[in-house]
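Participant: Here's a structure for you.
Please treat every number below as a calculation from the coordinates, not as lab data. Not measured: the values here are computed from a predicted model. Backbone-built Cβ (ideal geometry, glycine too); neighbour counts: all protein chains shown.
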Amino acid sequence: MSIVNRIKPIIADVISRQYNQTVTAADLTINSTKPEFTGDYTLVLFAFVKSLKKSPEQLGQEIGDSLLKAEPALFASYNVIKGFLNLVIADQFWLDFLNTGYDNQDFGKKPADGRKKMVEYSSPNTNKPLHLGHLRNNFLGWSVAEIMKTNGHTVYKTCISNDRGIHICKSMVAWLRYANGATPASTGSKGDHFVGDYYVMFGNVMKKEIAALIESGLSKEDAEKQAPIMKEAQQMLVDWESGDEAVNNLWKTMNAWVYSGFEITYKRIGSDFDKTYYESQTYLLGKKAVEDGLAKNVFYKKEDGSVWIDLTADGLDEKVVQRKDGTAVYITQDIGLAEQREQEFGCEQTFYVVADEQNYHFKVLKLIAEKLGIPGASGITHMSYGMVELPTGRMKTREGTVVDADDMIEEMVNVARQKTEELGKVKDFSEAELKELYDIIALGALKFFLLRVDPKKRMIFNPEESIDFHGFTGPFIQFIHARIKSILRKEAPVKSADAGSGLLPAEKSLIIKLEQYPTVVEQAATEYNPSLLAIYCYELAKAYSSFYTEHSVLTAESAEKKQLRLRLSQLTGIVIAKGMALLGIKVPERM
RNA sequence: GGUCCCGUAGUUCAAUGGAUAGAAUAGAAGUUUCCUAAACUUUAGAUGCAAGUUCGAUUCUUGCCGGGACUACCA
C-alpha cells in the first residue's frame, strides 16, 4: 500500500476521535509538500476549519501532535504554515521500503483481477500509408492496453481494418487508369505508399475534371457529381458489393500491397493486435441490428424506406441508420461489430481509441447500443484524443502537408545516428548494435514526444523544433538509465547487508519519487492516460540525475552509504525500465 | 444557426478549488583531475478580457474576444 493511502486513515481516525466527528480518508486532501517547505506530504486543513470551528494553525498543531503520539514510528515531525500541515515521514519508513523492495522486478504490478477490457486502436484505411496522427493513435492505444494489464486487467487489443468503401475504390480506379500494370515490386516502393500515391492521384485528376466541367458551363455541384473518375469509383463500389470478380481480385491485390507495407511499419513501432477485424467482413452485421431496432421500436421507418432513430430527447439529432436503398451506414456497422465482439470476448469495457473529431459519433453509438439493449453497451468508452497539428494547422493529404510515419521515423533515426557519432561514446559497438541503438533512441524520442501530452488535448508538432533529445524527452530518460547500468555493471547491491540510517535530501527525494510509482500506474490506468506515466518517468530520471551529480555511489562516504545508493540506483533503473516499457519505449544499457 | 472543445513564459507542455502558477526549450551566467556533460547549478520570463461564487479561482458560473471540431442517406 502506498504511504499516502497508509497515512490517510490514520489521520482521519485521529481527527474523528479528537473532535468527535466522522471524517473518512476520502475527505482528506494530501499533497506532496512543495520543495520550499519542510516536509514530505501535506494535509490541507481549510476544509475542516468551519466544521471544527478552530483556526487552521491551531488545528494543525493539534492534529500534528496527535499524529506523532499515535504513530511515532511513522511520523518524524511536523510543521504548520497557514492552513497546511506539513508532515515529515520517518527515515526508517523509507529505508524499510527500499531495503525490502530494491530488486523487486514486479514493483507496481498488480495481481490479475479477472476483469476483461478491450482496446480497439490503430484502425487504418487501406488506401494510404500511416501518418503522424496514426502514430499518436497507435502509441496511445498500445500503451493504455499495457498499462491496464499491469494494473491487473485482462486486455485484448483489437484493430478494425477499414478495407472497403468508396475511398478504397478511388485508389483502385486511379491505378487502373494510370499505372500500366506497375506494382510495388516493379517500382521498388513500399506497398502502402505505392497505393497511397494513386489515392492522391485520384484527387488531383478529379479536381482537373471538375474544373473542366465547370469551364464547359456546369455548376460546381453538378460538376462534382458528374466527374467521370468519381462516377467510375462509385460504379466500382457497386460492382464490388455485387461480387464482381475482376474488381474483387484487384481489391485483394491492392489491399495485400498495403498490408505488406503496414506490416513493416507496425513491426517497427511495436503495434500488435490480438485480433484484427475487417470491415469487408463486418459491414453487413448492421442489418441485423436494424431489424432488431425496428422490432424493438427503437428505430422507425420513413415513407422512402430509410430507417432512423430519434435522439432529440437526448439532446442530439435524428440519425439515419439505414439508407433508403437498404445499405448500411457506418454507425450501424459499428453497432453490429460491437455486438459481435461482446459475444466473442465479453469485455466489461471497450475502449475505442479514435480522434476527438468523432466525439459526436461515439455519443450516438453508445446511445443506440444502450437503447437496443446490447450487452456491454454501457462499457463502450470513446478514448477520445486530440489531433496532431502542424504549426500551419491541420494536416491535409490533398495539400501534401501530411507528415508520413515512415519518413518521420527515418528522420529520427538519422538524428539519433548523428548525435551518437558526435558524442562518440559507443565506438566499440558493432553495426548491428548501433542500428539497434539508433532505433531505440529514435523511437524513444518519438513515442515520448507524442505520449507526454495529455491525450485529450490537441498538440502541435513542429518538424523543425520537435526533434529534440535534451530535457523533457525520451532520450534523456534513456541516458539516465544507461548511466545507472554503467554503475551497476561495476558493482551491484548485496542482498544481505542492511543499508543506511539517515537520508540526505537528494536521496530522500529520489526514494519518495520511487515509492509513488505504483500509484502513478494505477492512476494512468483508471484515467487511461499514459502522459501521467511519461511525466513521472521524466521526474524520476531528473531526481536521479540531481542525486547522481551531488553524490558519488561507488566512492560513497561509507560502506553503508554505498549500499544504500546502489539500492537506490537499482530500483530507479528497474522503475525507469518498467515505466518506459509501458509507454512502448526501450531503454539501452549504454548510449 | 445548434452542440462541444480550447486560449498559461518567445515556443512546446504541467498544475484532484489550495502555499510565491511548475517543466522543457530558446536567452543570460556558471560547473568536468571524480561512477557516461544526451548532464548539473543559478538567472530572467506567462494564466485572452470583464464580472460572479469562494476564506482561497488557471480550475466552477455568466458575458465578450480569438481559435478549432462536429452538426452527410461520407467513412
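Participant: Can you give me the C-alpha center-to-center distance between segment A:486-552 and segment A:91-110, rounded to a whole angstrom?
Facilitator: Computed from Cα coordinates, the inter-centre distance equals 11 Å.
Participant: Name the aspartates and glutamates eligible as straight-distance cross-link partners of A:Lys207: C-alpha to C-alpha under 18 Å, and not fewer than 8 places from it in the same chain.
Facilitator: Cα-Cα hits under 18 Å: A:Asp197, A:Glu215, A:Glu221, A:Asp222, A:Glu224, A:Glu232, A:Glu399.
Participant: Which entries of A:Lys508/A:Lys562; A:Lys490/A:Lys561; A:Lys447/A:Lys586; A:Lys117/A:Lys157; A:Lys117/A:Lys513 have Cα-Cα distances beyond 18 Å here?
Facilitator: On the way: A:Lys508/A:Lys562 15 Å; A:Lys490/A:Lys561 16 Å; A:Lys447/A:Lys586 10 Å; A:Lys117/A:Lys157 9 Å; A:Lys117/A:Lys513 29 Å.
Too far apart for the 18 Å limit: A:Lys117/A:Lys513.
Participant: What ranking of A:Phe461, A:Phe46 emerges when the number of other C-beta atoms within 10 Å of each C-beta is taken as an exposure proxy, fewest first?
Facilitator: Values: A:Phe461 20, A:Phe46 12.
Ascending number of Cβ neighbours within 10 Å: A:Phe46, A:Phe461.
Participant: Please identify the trypsin sites (Lys or Arg not before Pro) of segment A:465-511 that satisfy two criteria: DSSP loop assignment and at most 13 other Cβ atoms within 10 Å. Which are they?
Facilitator: Working: sites: A:Arg483, A:Lys485, A:Arg489, A:Lys490, A:Lys495, A:Lys508; in loops: A:Lys495.
Here the sparse-neighbourhood loop sites are A:Lys495.
Participant: Then there's this: Looking only at chain A, where both bridge partners belong to it, what percent of the DSSP beta bridges are antiparallel (to the nearest 5)? Don't skip to the end; give the middle numbers.
Facilitator: Working: 23 of 45 bridges.
About 50 percent, rounded to the nearest 5.
Participant: Tilt of helix A:330-345 relative to the longest C-alpha principal axis of chain A, in degrees (0 to 90, nearest 10)?
Facilitator: Roughly 50 degrees, rounded to the nearest 10.
Participant: Mind checking which lysines have their C-alpha under 18 Å from A:Lys324, skipping anything on the same chain fewer than 8 residues away?
Facilitator: Cross-link targets: A:Lys287, A:Lys288, A:Lys301, A:Lys302.
Participant: Angle check, please: helix A:228-241 long axis (alpha carbons) against the longest principal axis of chain A (alpha carbons), in degrees 0 to 90, nearest 10.
Facilitator: The angle comes out near 80 degrees.
Participant: Now for a separate question. Highest mean first, what order results for A:65-76, A:448-459 on Cβ atoms within 10 Å?
Facilitator: Numbers: A:65-76: 15.3, A:448-459: 19.3.
In descending order of packing, they fall as A:448-459, A:65-76.
Participant: By how many degrees, between 0 and 90 and to the nearest 10, does the Cα long axis of helix A:405-423 differ from the longest principal axis of chain A?
Facilitator: So the helix axis and the longest Cα principal axis differ by about 40 degrees.
Participant: Please report the spacing between the Cα centers of segment A:302-368 and segment A:124-184 in Å, no decimals.
Facilitator: Centre-to-centre distance over Cα atoms comes out at 21 Å.
Participant: Pull up the cross-link candidates among the aspartates and glutamates for A:Lys319, meaning alpha carbon to alpha carbon under 19 Å and not fewer than 8 places away within one chain.
Facilitator: Result set, ordered by chain and number: A:Glu291, A:Asp292, A:Glu303, A:Asp304, A:Asp310, A:Asp334, A:Glu357, A:Glu370.
Participant: Order the peptides A:143-153, A:293-303, A:83-93, A:270-280 from the highest to the lowest mean number of other Cβ atoms within 10 Å of their residues. Don't jump to the answer; show the numbers that get you there.
Facilitator: Numbers: A:143-153: 22.5, A:293-303: 13.7, A:83-93: 19.5, A:270-280: 16.5.
My ranking of the peptides, most packed first, is A:143-153, A:83-93, A:270-280, A:293-303.
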